[in-house]
Every structure is written in C-alpha cells, then in structure tokens.
1. Kindly give Rg over Rh for the stretch A:443-536, based on alpha-carbon atoms, with the Kirkwood expression for the hydrodynamic radius.
2. Can you list residues from other chains, or at least 5 along the same chain, whose modelled amide H is less than 5 Å from the amide H of residue A:218?
3. Can you give the Rg and Dmax of the stretch A:223-375 based on its C-alpha atoms, in angstrom?
4. Please report the antiparallel percentage of the DSSP beta bridges confined to chain B, to the nearest 5.
5. Between residue A:125 and residue A:195, what is the label-to-label distance in nm when each label sits 7 Å out along the Cα-to-Cβ direction?
6. Looking at the stretch B:98-187, which GluC sites (Glu not before Pro) are DSSP coil and have at most 14 other C-beta atoms within 10 Å of their C-beta?
7. Compute the long axis of helix B:261-284 from its Cα atoms, compare it with the longest principal axis of the Cα atoms of chain B, and write down the angle in degrees, 0 to 90, nearest 10.
8. Among DSSP bridges having both ends in the protein assembly as shown, what percentage is antiparallel? Round to the nearest 5.
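Please treat every number below as a calculation from the coordinates, not as lab data. Remember, it's a predicted structure, so these values are computed and weren't measured experimentally. Because the Cβ atoms are built from the backbone with ideal geometry, glycine has one as well, and the counts that use them run over all protein chains shown.
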Amino acid sequence: MSLAFDDYGRPFIILREQGSKSRVRGTEAVKANILAAKTVARTLRSSLGPKGMDKMLQSPDGDVTITNDGATILEQMEVQHQIGKLLVELSKSQDHEIGDGTTGVVVLAGSLLEQAESLLDMGIHPLRIAEGYEMACKVATAHLDSIATKWDFSPEEVEPLVQTCMTTLSSKVVGRLKRQMAEICVKAVLAVADLPRRDVNLDLIKVEGKVGGAMEDTRLVEGIVIDKDFSHPQMPKELKDVKIAILTCPFEAPKPKTKHKVDIDTVEKFESLRHAEQQYFIDMVQKCKDAGAGLIICQWGFEDEANHLLMHHNLPAIRWVGGVEIELLAMATGARIVPRFEELSPDKLGFAKCVREVGYGTTKERSIIIEGCPNLSAVTIWVRGGNRMVLDEVRRSLHDALCVARNLVRDNSIVYGGGSAEIACSLAVEAAADKVVGVEQYAMRAFADALEAVPLALAENSGLPSIESLTAVKARQLAESNPHLGIDCNDVGTNDMREQNVFETLIGKRQQMFLATQVCKMILKIDDIIQPSQYD
Amino acid sequence: MATLMAPNQGMLQEGAREEKGENARMASFVGAVAMADLVKSTLGPKGMDKILQSMGRGHEVTVTNDGATILKSVYVDNPAAKVLQDISKVQDDEVGDGTTSVVVLAGELLREAEQLVGQKVHPMTIIAGFREAEAVAKAELTAAAFSNAEHPEAFRNDLLNIARTTLSSKILTADKDHFAELAVDAITRLKGSGNLEAIHIIKKAGGALKDSFLDEGFILDKKIGVGQPKRITDAKVLIANTPMDTDKIKIYGARVRVDSMAKVGEIEAAEKNKMREKCQKIIDHGINCFINRQLIYNFPEEIFADAGVMSIEHADFDGIERLALVLGGEIASTFEHPGEVKLGSCKLIEETMIGEDKLIHFSGVALGEACTIVLRGASSHILEEADRSLHDALCVLGETVKEPRVLYGGGWPEMRMARAIEEAAKKTPGKKSLAMEAFARALRQLPTTIADNAGLDSADIVATLRAAHGADPGASRMGVDMIAGAAGDMRELGIYESFKVKQQVLLSATEAAEMILRVDDIIRCAPRQRSG
C-alpha cells in the first residue's frame, strides 16, 4: 500500500519504516473509528437517566471510584484508543462549559456515528453525511430555541431553580435526598451570584467533605471550612466577633533569599544574635497585637517559640492554610492578605462573627468553621457520607447541580427533560429533511433517528419497553403538537414533563447537540490512520 | 478485521479489564459476600478470632476479632470488597464499634439482592425497596429506643450493660464485669464531655488481665532525671516544648567562625551560659517539676537537679498535650514572663512501679476528668487485643453518653425491625415488596449468625424469637440468650446496645449495598508499572 513504483519500475518509499507502522485507510478507517466511538458510547449508555446504573472503576493504584457521571467515567477509564480519546475530550468540554449532560453528549455522538455507518454502507460520501448533520443540527437547535420556555425566578422565588437542580440530581446516588441537596445548591449559588451581571463564580463555592455521618447531615455553611486546627492545643476552640489577620509570612526567623552567612566570632556577637532572635518573635506577635487582630491565619508554619508567644498573648492562630483558602478567606472576611508584618494595620483586618473548631466521631481530625463573614460571597457545602466513595460521588453530583443552577442564573431558558426535547427536535428535523434536495436528506433523517437514541436509552434504563414507549410518545407529540411529552422514567403516570417538573437548561441541551455534531464531523473526515505498529 | 476484535480491545490500556452487566454484578456480589463471610464467624459473644500475619519483615502476628482490624489488614483486589472495607473503617471512626455487624449486614443484603436479581427484578427496583425498608427500620429503631438519662443510677446501669455486651464478644469476656466497671468509671469521669483523649491507656506486659486497673490520676511512661526528687507534693508543673539540648541560634546562615581555640572556649562558655540562664528562667517560674516534649541534655538536667526540680524529658506530643489538658497548664516555649504563664498543678507526683517498670504517677490533678487505665496481660498480643476491645467499649460508651438512647441486644432490634418491615411490605404494592421482604430476611441473619457462631440451633431460636415478636409486637423483649442457648428476656439478662451504633450500622450497610447494586460495569485500569 505504502510502496509505489515509478515509471522505471523502481520501488520508492512513501511512508518510512512501513514495517513498524500499521495503516488503515478509506472507508475501512472511518468504520474502524466509528466502531471505537460506539464502544465508548455503549459503556456510558446504561448510565443515562434517573434510573441509570453506576460504573465501578478501579484506578491503576487500586483505588475504587463508583460513579455515573459521564465525564468522570471516561476520564478514569484511561481510554487509549485515539478516537476514544476524542470522545473523552468531548465529554470533558461539555463538563467545562456546562457541567452537566456529560453522559448525554457521548451517547448522542455515538448514536450519530452509528447512523453514519449505515449511510456509509449505502455509499454516501462521509463529507456529505457531515454536511447533512450540520444542516440538521441547525434545524434542531433552532427548534430547541422555539420550544424553550423562559422561567423567571428571583432570590425570593427559587422554586424553578430547585426543580431544575432536582432533575439533575435524580440520576445520582443522592436521588433519595434530592430536594434537600437541590435547596443547598440553589442557596449556595444565589449566595455567590452576581444577579445584575447574571454571573456566578463557582470558585467561591467550596464543596468540602468528611467521611462519616449520613448524607442527611450535609449542609451549607455560610462561610468557610478549613481542614486545619488551631496551632496550639490550648487555644480557645470558639471565638465570637473576631478580627482576622491574614498573613503570608512565616512566624520564623527571617530567611533572606540571598545567600549569606552570619559569622559568629566573639561572645558578644553570640549574645546579641541570641537577643535579636528572641526580640524577633516578640516584635512579630506585638505587631499583630497592635493591629488589633483576634485571630491570625497564616499560610506558613510557626516556630515553637512564636507559637507559645501567640498563645501567651491570647492570639489564636491557624497555620499552614492553603493558598486557595487564604484567598477565599480574604474575600469573605474582607481582610487584606498581608505579606509582611510591617504592613499590618487595623484597616487590613477582616471580620467574622464566629470561628469554631469541630471534631468528628472518635478520630482526632478537626476542622475550623468560619461563619458570619461580612461579605457573604464565599460559601462552603459541607458534605457527609457513609464512606469515601459515596462522599466523592455526592461531591460530583453537587458540582453538576451547582453548574446547572449557575447556567440558569446566566440564562433562564429551559427545555423539558425526559427525552421530550430530543423527540421534538427529531420530529422537526425529519420534517425539514423532506424539503431538502440531495443526499443530505438522508443524513438529516439519520440525524433525526440518532436524536431518538437518548429517549430510547432512558426508556431502556428505566425498564420500560423502549421502542413501544418511544413510538407512543412520538405519536402523541405529533398528534397533540405538544413538545413537553417525554419518557415517564419514574413511573409517575404522566408523560407530560411539565407536570413531572423535569427540566434541563437550554444552553446545556444546545451545547450537547453542537458538540456531538462537531465531533462526528471530525471523525467522519478521517480517512487514513497511521499508527506505530504494536509489534516492534 | 475490526469485527474480529473484541469490542473494547485497543480501547483501553493493555492489562485493563472490563466486566459488564451480569458479569460485573456477579463479580461484585461474590466479592462482597466473600468479605462478609470472612468476618462472619467473629460476630457475637461466641465469635472466633483470626490470626493475621503481616507480609512485611518480621511477619508480625495479630490475634483479633475486631472487624475493622481484620478487614484493614486483608489485601483485597475486588472493588466491591473494598467498599465493604471502607464502610467498616468509617464505622470504626464514627462510632468505634459494630464494625463486624455492618459488613455482615451489607453482605447479607447483597446475598438477598443476588437472588432477586436472579428472579429478574431490576436492581433499581431492589434499591427502591431497600430504601423503603430502611426508612421503616429506622422509624422502628427510633421507636424502640429508650433512654434513662434522667436517672443517673439507671443510666449507669445501662452503661454497664452496654459495656458488658460490647466486651463479651472480645478477649476480655472472662473479666467483662471488671472491665465494664473500668470503662464506665472512666467515661463517667469525663462528665459527658466525651473527650476520650483524657483517658490514657498504658499497656504493660506481665500479670493477668484482671490485674488491670483504673487510676484516678495520670500515668506517664517516662523516667525522672538522675538525682532529682522522686516524690513531690503540691507540684507546680511547667509543661514545655523547647529545645533543651543545644538551643541553636535559628537565624538562617548563622555559623561560628573563629580563629583561635580560646575563642571556641569562650563561645562554648557563652552557650553554656545561655542554657544556664534559660534553666534559671524556667526555675524562676516557681516550679518544682519541669516536663519537656524534647530531649533534656545532662547539663540542664544537672541544673534542675541542683535546684531540686524534677525534670522529665521526651514526653511525646500526645503525652504533652494530654498532660497540659490534665494538669491545666499551658505548653510553653518562651520563658520571659514567669508571672503570666499558666502553670499546671497536681497534689502529688511520684514514681511508681508497675510490674518491673518505673512510671511517673500524677495524682490529684486539676482536671478531675482525666484518668489512666493500666492494662496488664500475659503477652503483647493479648494486650493489643485488650486495648482494641477497651477502645471499642470506650467509644460506644462515649457515644452513649452523648446520645443516651439504648436498645436491647442479642438480635432484639433486628427482630423488631424485620417484623416492622414485613408488616410494611404487606401493604406495599409492586415488586418493591419483594425487596423489602429480602431486607427483613437479611436483618434476621444477624441473630442467626450470632446463634450459629455459638453452636446453637439457630433456625429454632430465630423462629422462636420471631413468634415471640409476632405475638406481642412492640413489647416483646426476647433475644438470643447465649448462655442458656435459647430465646431469653434481654432486659433480665442485661444485654444492651447503643442506639447510635445500631442506627449507624443500618444506614451504612444499606448505603453500601445500594452502591454496589447500582453498578453494572466494572472497569479496571491496568496496574501501574512500578519501576525496579
């Protein structure tokens, strides 16, 4: 294949070291890629929807993760195949952009490729399929916009937000407590939301957790939790109305960065150095005291002597606090981060109503909770769970729900879930296809079929007869021209998603279609795979 | 070519494995049930112990029947088994006891679930049933619990009963009355603070288990410096964390550079002087006992001896914190302001002998809450196991002091919950009720296992219990009586358990079972290649 002959019959080499490379080309290459993508999609398919199953993943080091979050599954699967990796990236970008629907996007892409395979068998050129998909995608997203509903909410009326978060959470392990968790998420998002600008900085919401207790104990701390304890065991465990100094300089003898040596050659020098050293710590503590601080939070460590002096002057202190926490604390308490003791002044101090240390169960681990900060701009969701795997999964689920709430704050358009939007789009695309002249018509029909994969998987995972329920819903949508009909996953008894209160964000859905179509186009365009052979 | 490949070949890394659907479920059921069976035989007062031999150098041997310890030490490869390992660890951290029960219950739940899956019930339906059963069980458990917190006498009796029940399954069972008294005394001294740190456990080989005792003071396993008083009354103690060896200058880059031997001598003298001053400052606090976390060299020790101050070196970090707590002093690192440092105090410090070892005994301490339990035993293995057992008992008692509700033991709560669930299942439509019945069956497995382990006729006893509970719902106090080998009244036998522990067992086990049931796909990444 990679060997050709020139006019004189002499062989020349197109691809060097062909022996050590394997090469697939043409339709075969496209098909190989589609097969790979389908495999990945199939793995995720059973995790879709409220009754989706979890995957158990064992990392190379033997740690176990149990999750049904698409992005996490793909990331931890350590997919090696190139096309598989593309899908991993796809799910990741959905995660970064929207934060939810990471499973759906992969399932959709897999189904699009599956449809493309049969078109290829019909002899349609991959590029024409790609173009058809592109056109169909435009029709579908336009239809999405037309069926989307604006849902107004205000800080007083948060019910719509809670309902949407509940839809997201219902497919997770926290399904049992979705109401409570959804309320926590919405409260957290609203606490940090910049409503006039319609923006939410999710960095301000920390999701922290500690193994133990039950999921019911999860709560929202209107403040910050740091996984540290007071530097001296005898410092008071609870402080009220304290002024906080945030330092990024260590309570240690100075260490100039320039290389230097202090030579001691006389007794006097030895003495003076000793005094200087002691004075150093006294000065440091005095400066903090002078500024009026009641609590010191330091990024670095303390010398034993300094630690005792702090204790002695009744200055509780926390050491080794991480950089991210320091910044959050500064934002929440209104303190300035002070890099040098000399610059400490009363106006750079922050304030908190209550700082307390709490312990857990029978272990010695402790955390410090800082509450009642003047700027309610940073909150912590404090997650509890029976074991580490549940805890991690709850954290991932909460992250998804937070993202959804944020998206709604940004853009309050919603579409209905339960596969209803997909079915509606599928009908719209099919109708549009009939008006298109050319091979693209087939591709558009295929796109419409592919969209149905999502409700199909939903029905299948819920233990419903998948094809029957899908066709029934589709017929009803067409007959009643009601785009809110979807699959009744929870056996509620109605197919109207408006009554079931199952919503998804419009941007999330739209992004899913865009991303899935893009990846499909990319995969379809590949007609040659050259890779190092496995046997070298 | 492509069609010949297995679907995921080339998709994952070499050495990675994927198990799907039924296979995955089977693998996790098998793993979890095997794990549960591993610890099953240790459950209950007649449970057997396990010998654990470590893989490391020395092949150390541990003999235990503590579920958490066993599971922690077993190396497992099955991901589902790891989940169970994890819940037992959390149970240990959270309440300290019931580590075996939680794993056995989770295993039984999965065993029941396996059969339901075999009957083509969808795992999600099983989970829904389990959740409902859990809610019913929790409500029943809460209703069954009772509290004697208002009557100190009765409450103490409850505590004693709980301690006895917990200890009866351990090595201490022969002396359980003695140890139950020990543990309850220790806990009641804490006056409800639940701060287990104030209880210090010292293990000394030699003697018999029943020679163990509770000391109302504090015992430190350290030595008093040479030539210093061995007995101090009305001690004033300075607790410190400061270098007492050379006390280097900490300013970075400082070093000594001299040009003659004479100067070396001078500086050495200055250093000594510095230490002498430091010691003097310490003595100026008006103390007669000095305890340091770090080493004390001979020179300062000598100064202290001259001043008639007792000095104790190298009390490790836990020790020093506990001492500070017990003596009511602060941990000092600077000594410039003698008047302002809070000193610790106690009535008497003396050296005592336990077996062949000399220990320092602090009695009449400021904080009346503290106490020390000295464990004696024939070998270090026995001591280790006694320590674990006592720790369990103390944890349970500590939790009970915080949450005074108690339950009867001997399988009584399980029987009650099972009955309540079965009642509820009768009223539940749909396949969920199958799962609820399965839940009840799994709960009944606990008394069955306890009876089996004791070599009793479990089927007969459990059936009797079931009849007793069914005849008199909510009021029967029947449970498994190990001694008589029949059903017996738990109140008369004094078999009590903590409500908090039971509740945590129920919640964790259900959560873990649910988690394993939800899995339909196991992907194992290729093990990391270790270099060398």
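1. With Rg and the Kirkwood Rh in hand, the quotient comes to 1.14.
2. So residue A:218 has HN proximity to A:384.
3. 16.7, 56
4. Working: 39 of 56 bridges.
The answer is about 70 percent antiparallel.
5. Result: 5.6 nm between the two label points.
6. Listed in order of number, the matching sites are B:150.
7. Its long axis makes an angle of about 70 degrees.
8. Taking every DSSP beta bridge with both residues in the protein assembly as shown, the antiparallel ones total about 65 percent.
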